[in-house]
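The values are calculated or read from the model by the stated rules, or taken from the named source; none is laboratory data. None of the values given here were measured: they were computed from a predicted structure. Cβ sites come from the backbone with ideal geometry, for glycine too, and all protein chains shown count toward neighbours.
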Amino acid sequence: MDVSTEIRVAIDRDADIVTARQRGRDLAAQIGFAGGDLTLIATAISEVSRNIVSYAQRGEIVLQVAEQQQRRGIVIIARDSGPGIADVEAAMRDGFSTTRSLGLGLPGARRLMDDFAIESAVGKGTTVTMTKWVR
């Protein structure tokens, strides 16, 4: 696989979470991540993919190689056209959940990655963009 390739994984069931996680881990390994960082990346992908299945039913994970100055990294974009998040600030707090889950998905993913941004509009969907840089 050419590391400049954009990888897209459609997410609409639990098995797709495993696929996205593995594809992300594979891409990350190809661009220089190792050990614990591979686990952190796979976990972050799992968290945002799980949110797609749980809240939006379907969406996609886009994986890209990032290059900035002299460093490389992986960009993970989780995108859906679901119900959106009414209060993004609340959703980013540990323990917040509208479905009685542990509420660690988005804040947990944010802690695992170096850069994290979320855009959401009620009735239009949510896009989470995360980047991890090779150290």
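What about Ser54, is it free of Cβ contacts under 8 Å to residues at least 60 places away in the same chain, in contact with a strand residue (DSSP E or B) (Cβ under 6 Å, 6 or more places away or on another chain), of a type outside the set (A, V, I, L, M, F, W, C) and in a helix (DSSP H, G or I)?
Details: free of Cβ contacts under 8 Å to residues at least 60 places away in the same chain: yes; in contact with a strand residue (DSSP E or B) (Cβ under 6 Å, 6 or more places away or on another chain): no; of a type outside the set (A, V, I, L, M, F, W, C): yes; in a helix (DSSP H, G or I): yes.
Criteria not met by Ser54.
Taking into account only those residues within region 61-88 that are surrounded by fewer than 18 Cβ atoms within 10 Å (Cβ to Cβ) and of a type in the set (Asp, Glu), which is nearest to Gly24 (Cα to Cα)?
Glu67
Looking at region 29-38, is at least one residue part of a helix (DSSP H, G or I), within 13 Å of the chain's Cα centre (by Cα) and not aromatic (Phe, Trp, Tyr)? So that I can check it myself, show each step before the final result.
First pass over region 29-38, keeping only residues part of a helix (DSSP H, G or I): 29-30, 35-38.
Adding the requirement that they be within 13 Å of the chain's Cα centre (by Cα) leaves none.
Scanning region 29-38, I find no residue that is part of a helix (DSSP H, G or I), within 13 Å of the chain's Cα centre (by Cα) and not aromatic (Phe, Trp, Tyr), so the answer is no.
Keeping to region 100-115, report how many residues are farther than 12 Å from Asn51 by Cβ and either surrounded by fewer than 19 Cβ atoms within 10 Å (Cβ to Cβ) or at pLDDT below 95 (or both).
Taking region 100-115 as the starting set, the residues that turn out to be farther than 12 Å from Asn51 by Cβ are 100, 102, 110-115.
Filter again for either surrounded by fewer than 19 Cβ atoms within 10 Å (Cβ to Cβ) or at pLDDT below 95 (or both), leaving 100, 102, 110-112, 114-115.
Residues flagged as farther than 12 Å from Asn51 by Cβ and either surrounded by fewer than 19 Cβ atoms within 10 Å (Cβ to Cβ) or at pLDDT below 95 (or both) within region 100-115 amount to 7.
If I ask for residues that are assigned to a loop (DSSP other than H, G, I, E, B) and either small (Gly, Ala, Ser) or farther than 24 Å from Leu106 by Cβ (or both), which ones from region 1-28 would you list? Give the derivation first.
Looking only at region 1-28, we keep the residues that are assigned to a loop (DSSP other than H, G, I, E, B), and these are 1-6, 12-13.
Those that are assigned to a loop (DSSP other than H, G, I, E, B) and either small (Gly, Ala, Ser) or farther than 24 Å from Leu106 by Cβ (or both): Met1, Asp2, Val3, Ser4, Thr5.
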